[in-house]
Amino acid sequence: MNAVAAADERSRSRSYLSLLSGLMEDFSHSRIGDAAFASSVLTRIAQAMDAEAASLFIVEGDPSDSRARLVCQASVGPSPIQGLSIPLDRGIVGRALSSGQPQLIGDPARDPDFVHPPALGTPFAVRSLMCAPLMAMGRKVGVVEVVNRLGGGPFNEQDLETLAALAAAAGLAVVNAQMAEERAEQERLQRELELAATVQRDLLPRDVPADAAVHGFSRPARGVSGDFYDMIALPDGRTVFALADVSGKGMNAALVMVKAATLFRTWGRRVPEPGRLLARIESELCETMTLGMFVTMVVGVWDPATRSARIANAGHEPPLLRRPSGEFVPFPASDPPLGIVCQLENNRYRETTIEVGGGALYLYTDGATEGRIDGEAAGEDGVRGLIERHAGDAAGTRLEAIAAHYGNELRDDLTWLVIEDAACARRAVRTAARRRTPGLLVSQSLPAQADQLKIVRRLVEAAAHQAGAGAEWASDLAMAVDEACQNIIRHGYRGASAGRIELSIRRKGESLDVELCDTAPSVAPEDCKGRSLEDVRPGGLGTFFMQRLTDGVRFLAPRGGLGNRLLLTKKLGGSAR
Amino acid sequence: MTFRTAEDGGRVTVFLSGEIDMDRSPEVRKALVEAVKRGRALTVDMADVGYMDSSGIACLVLAYQQSNGAKQDFALANVQPRVRKVLELARLDKVFRIQ
């Protein structure tokens with residue numbers, strides 16, 4: 001290399017470096033996806049490298065997809081090829097992309113991969129050619145190509161290194177721009193999902209009264225849900241209810257769910273007959289159902305007069321009746337899911353009447369059986385165990401308590417419905433408890449309030465009468481229990497109105513045991529001593545009366561360690577009887 | 001509800017009625033305290049009281065103490081067996097004048 005050439009080389013090196021730093025600066029706050037910017041970058045690369053022409057190809061589509069193409073986004077020179085689209089593996093451009101290696105071709109005509117100019121639409125002679133891939137963060141996003149060094153000679157290794165450095169910078173800019181776009185798209189989708197989830201949540205019943213017969217709970221595994229439940233109160237006192245699960249997850253299931261929910265809302269009031277209602281919903285769903293999707297659904301009508309539910313079941317998990325005795329009875333589906341056969345329009349779905357009585361009927365989606373309860377695979381047994389554990393909870397809050405066992409990370413949407421006559425269920429529980437506990441005469445939960453004391457006395461007197469005791473004996477015990485309740489209200493709950501007292505009276509041999517349980521802060525038994533009678537002053541007599549009117553006053557260990565448990569015993573024998 | 005009262009030459013009689021328990025005792029306390037203020041002597045007529053618990057007894061004790069403080073006579077009248085038993089249990093039959 002002579003002195004002139006060496007000086008020329010040094011000057012080109014300097015200009016490459018200043019171009020590189022300039023481009024890096026530009027890339028940091030501009031986007032190569034912008035055509036004008038891409039064009040200006042290419043022009044500067046071509047000038048810095050003394051190239052006759054330059055082109056920038058960007059991968060369009062998923063590179064793993066055979067339909068993906070390399071598309072020329074910008075092109076400068078005598079014969080621009082902007083818009084040219086080639087397969088990813090075509091030509092030297094394709095080779096640079098697939099190998100990830102910069103390509104320097106001194107004599108393109110002799111390269112087997114070289115695509116002859118006419119095919120590329122470049123009528124000028126290609127004498128020397130370099131290609132470098134645009135890569136960053138493991139993504140191959142494009143190729144930059146420069147053609148023919150002005151002044152004749154071929155490109156050399158140093159030119160190739162410079163081009164590779166420029167391509168790396170451009171690659172980073174393209175990947176950054178792509179990722180920013182993807183993030184923006186993801187955020188937009190996320191916002192839309194959240195909106196869709198809100199719309200879906202608003203479809204579920206709200207402000208269901210605590211004493212309603214039908215209560216529901218639904219929580220989606222992800223933003224949107226394929227499950228729904230609903231209930232419609234009819235003017236005659238009956239309630240139409242539904243629970244459904246759309247096959248699949250995601251937005252398509254969510255949209256079908258909205259349609260099924262809307263159909264139920266529309267027809268539930270007008271056709272309060274489960275079989276016909278399902279047939280009606282099915283026929284309308286089938287008109288537009290996407291092939292391969294289906295809906296399992298139970299609809300029913302609760303009649304408070306007969307305490308029964310008449311249901312029709314299209315392929316859904318069997319509704320489960322829990323009898324007051326604790327026995328479970330499943331009611332398997334009698335017909336296929338909606339959207340599969342689509343021929344039942346004129347038929348009715350078969351109906352089953354379930355005598356709920358004092359029990360509770362549970363409907364749930366497969367998220368209940370296929371999920372995990374307290375970390376363990378649920379299954380049918382898990383579901384039954386869970387229902388059993390919460391059978392004593394008020395129906396209005398029971399399902400939430402049940403759902404809490406499934407944790408925060410749901411695998412599938414979780415939806416529950418319970419149908420229960422609350423008053424009848426309470427009576428049934430008491431009857432069952434009496435049957436289970438021989439000698440139990442009274443088992444009653446009462447608000448810890450002064451106006452309940454009269455009821456307490458009547459309950460005690462009735463139990464005493466049942467046990468064969470006389471009026472005075474009964475009255476003595478009633479007063480002792482009254483005094484004990486007063487202590488709970490006054491000193492236990494300290495006037496707080498939310499507390500309750502559980503009163504149970506049982507016959508034990510020749511005496512009556514009265515047990516009073518509360519959930520007030522624990523009372524130290526030594527604080528409950530009677531006072532000396534010499535001290536005439538208001539108050540403080542209650543405990544004295546309890547002791548004098550019974551044969552034993554004892555604090556027992558409270559169940560579950562909470563609150564207080566007081567046992568009053570009075571012997572039935574003697575003259576008082 | 002309020003209790004019937006009668007006045008005769010400075011002696012106020014309050015006619016209590018029903019079951020006097022924690023729920024009713026605030027009314028009883030109010031009626032007796034007012035009667036002590038109003039008259040020169042107090043009789044609590046218990047003819048219609050079938051039941052009285054410690055909170056009712058406490059009202060009687062309070063009225064008795066206030067009457068003593070005001071140098072007034074305090075008496076119970078027509079005490080029924082159920083209530084008498086309770087007063088006896090608490091030895092208050094020795095404290096109150098029972099007519």
Whichever residue in the range A:280-305 is exposed (fewer than 15 other Cβ atoms within 10 Å of the Cβ) and within 28 Å of the chain's Cα centre (by Cα) and, among such residues, is nearest to A:LEU234 (Cα to Cα): A:THR288
Some residue of the range B:65-78 being over 17 Å from B:THR5 (Cα atoms), facing chain A (nearest Cβ under 9 Å) and surrounded by 19 or more Cβ atoms within 10 Å (Cβ to Cβ): no
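Take residues that are in contact with a helix residue (DSSP H, G or I) (Cβ under 6 Å, 6 or more places away or on another chain) and at pLDDT 90 or above and tell me which of the strands (runs of 3 or more DSSP E) falling wholly in the range A:306-383 contain 2 or more. Step through it out loud before you land on a result.
Numbers: elements: A:308-314, A:320-322, A:328-330, A:351-355, A:360-364.
Qualifying strands (runs of 3 or more DSSP E): A:308-314.
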May I ask you to verify whether B:SER17 is open to solvent by less than 10 Å² (accessible area, probe 1.4 Å) and of a type in the set (Gly, Ala, Ser)? no
Go through (1) within 11 Å of chain A (Cβ to nearest Cβ); (2) of a type in the set (Asp, Glu); (3) open to solvent by less than 50 Å² (accessible area, probe 1.4 Å) for B:ASP23 and report which single condition fails. (3)
Where a residue in the range A:543-564 is at the interface with chain B (Cβ under 10 Å from one of its Cβ atoms) and its partner, wherever it lies, is basic (Lys, Arg), with Cβ under 7 Å and at least six apart: A:THR543/A:LYS529; A:PHE544/A:ARG531
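Please verify whether the range A:430-453 includes one or more residues that are touching an Asp or Glu at 6+ places or on another chain (Cβ under 7 Å) and open to solvent by less than 10 Å² (accessible area, probe 1.4 Å). Before the answer, list the steps.
Going residue by residue through the range A:430-453, those that are touching an Asp or Glu at 6+ places or on another chain (Cβ under 7 Å) are A:445, A:448, A:450-451, A:453.
Filter once more, keeping what is open to solvent by less than 10 Å² (accessible area, probe 1.4 Å): A:448, A:453.
The answer is yes; a qualifying residue exists.
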Check off (1) without any contact (Cβ under 8 Å) to a residue 12 or more places away in the chain; (2) farther than 17 Å from A:LEU541 by Cα; (3) open to solvent by less than 70 Å² (accessible area, probe 1.4 Å); (4) not charged (D, E, K, R) for B:ILE98 and give me the number that stays unchecked. (1)
So A:SER511, is it closer than 19 Å to A:GLY392 by Cα, surrounded by fewer than 19 Cβ atoms within 10 Å (Cβ to Cβ) and touching a residue at least 12 places away in the same chain (Cβ under 8 Å): no
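Among the listed residues B:THR43, B:THR2, identify the single one that is surrounded by 22 or more Cβ atoms within 10 Å (Cβ to Cβ) and either more than 9 Å from every other protein chain (Cβ to nearest Cβ) or in a helix (DSSP H, G or I) (or both). Quick ask: steps written out before the conclusion?
On the way: B:THR2 fails: surrounded by 22 or more Cβ atoms within 10 Å (Cβ to Cβ).
Criteria check complete, one pass: B:THR43.
Taking the condition more than 24 Å from A:ALA312 (Cβ to Cβ), hydroxyl-bearing (Ser, Thr, Tyr), open to solvent by 20 Å² or more (accessible area, probe 1.4 Å) and in a helix (DSSP H, G or I), does A:THR262 pass?
On the way: more than 24 Å from A:ALA312 (Cβ to Cβ): no; hydroxyl-bearing (Ser, Thr, Tyr): yes; open to solvent by 20 Å² or more (accessible area, probe 1.4 Å): yes; in a helix (DSSP H, G or I): yes.
Criteria not met by A:THR262.
Of the residues A:ALA38, A:ALA74, A:ALA53, A:ALA46, only one is modelled with pLDDT of 85 or more, surrounded by 13 or more Cβ atoms within 10 Å (Cβ to Cβ) and in a helix (DSSP H, G or I); which? Outline the logic, then answer.
Details: A:ALA38 fails: modelled with pLDDT of 85 or more; A:ALA74 fails: in a helix (DSSP H, G or I); A:ALA53 fails: in a helix (DSSP H, G or I).
Answer to the check: A:ALA46.
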Going by the structure shown, is A:ILE81 assigned to a loop (DSSP other than H, G, I, E, B), within 30 Å of A:ALA180 (Cβ to Cβ) and either open to solvent by less than 20 Å² (accessible area, probe 1.4 Å) or modelled with pLDDT of 90 or more (or both)? yes
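Scanning for something free of Cβ contacts under 8 Å to residues at least 12 places away in the same chain, in contact with a strand residue (DSSP E or B) (Cβ under 6 Å, 6 or more places away or on another chain) and not in a helix (DSSP H, G or I), does the range B:22-34 turn up at least one residue? Lay out the reasoning, then the answer.
Initial filter on the range B:22-34 (free of Cβ contacts under 8 Å to residues at least 12 places away in the same chain): B:23, B:26, B:30, B:34.
Filter once more, keeping what is in contact with a strand residue (DSSP E or B) (Cβ under 6 Å, 6 or more places away or on another chain): none.
No, the range B:22-34 contains no residue that is free of Cβ contacts under 8 Å to residues at least 12 places away in the same chain, in contact with a strand residue (DSSP E or B) (Cβ under 6 Å, 6 or more places away or on another chain) and not in a helix (DSSP H, G or I).
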Of these, B:ASP93, B:ASP53, which one is within 13 Å of chain A (Cβ to nearest Cβ), farther than 22 Å from A:VAL456 by Cβ and surrounded by 14 or more Cβ atoms within 10 Å (Cβ to Cβ)? B:ASP93
Read through the list (1) over 10 Å from the mean Cα position of the chain (by Cα); (2) in a helix (DSSP H, G or I); (3) within 21 Å of A:ALA484 (Cα to Cα), then give the number of the only condition that B:GLY50 fails. (2)
Tally up the residues in the range A:148-176 that are over 16 Å from A:GLN73 (Cα atoms) and open to solvent by less than 30 Å² (accessible area, probe 1.4 Å), please. 8
Output the residues belonging to the range B:79-90 that are more than 9 Å from every other protein chain (Cβ to nearest Cβ) and either open to solvent by 80 Å² or more (accessible area, probe 1.4 Å) or farther than 16 Å from B:GLY56 by Cα (or both). B:ARG84, B:GLU88
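With the structure loaded, tell me whether A:ARG201 is open to solvent by 80 Å² or more (accessible area, probe 1.4 Å), under 20 Å from A:THR296 (Cα atoms) and under 16 Å from the mean Cα position of the chain (by Cα) or whether it fails that test. Steps first, please.
Numbers: open to solvent by 80 Å² or more (accessible area, probe 1.4 Å): yes; under 20 Å from A:THR296 (Cα atoms): yes; under 16 Å from the mean Cα position of the chain (by Cα): yes.
Yes; evaluated as a whole, the condition is true for this residue.
Keeping to the range A:396-415, report how many residues are closer than 23 Å to A:ASP303 by Cα and either within 13 Å of the chain's Cα centre (by Cα) or at pLDDT below 80 (or both).
Taking the range A:396-415 as the starting set, the residues that turn out to be closer than 23 Å to A:ASP303 by Cα are A:396-399, A:415.
From what is left, the residues that are either within 13 Å of the chain's Cα centre (by Cα) or at pLDDT below 80 (or both) are A:415.
Looking only at that region, the number is 1.
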Please work out which residue is most open to solvent (accessible area, probe 1.4 Å), limiting yourself to the range A:323-377 and to residues that are of a type in the set (Lys, Arg) and under 15 Å from A:ALA309 (Cβ atoms). A:ARG350
Picked from the range A:474-494 (must be more than 8 Å from every other protein chain (Cβ to nearest Cβ), under 20 Å from A:LYS570 (Cα atoms) and small (Gly, Ala, Ser)), the residue nearest to the chain's Cα centre (by Cα) is A:ALA484
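The values are calculated or read from the model by the stated rules, or taken from the named source; none is laboratory data. Owing to the predicted nature of the structure, the values given are computational and were not obtained by experimental measurement. No Cβ is skipped: glycine too gets one built from the backbone with ideal geometry, and neighbour counts run over all protein chains shown. Surface accessibility is based on the protein's heavy atoms, side chains included, excluding ligands, DNA and RNA. Shrake-Rupley method; radii C 1.70, N 1.55, O 1.52, S 1.80 Å.
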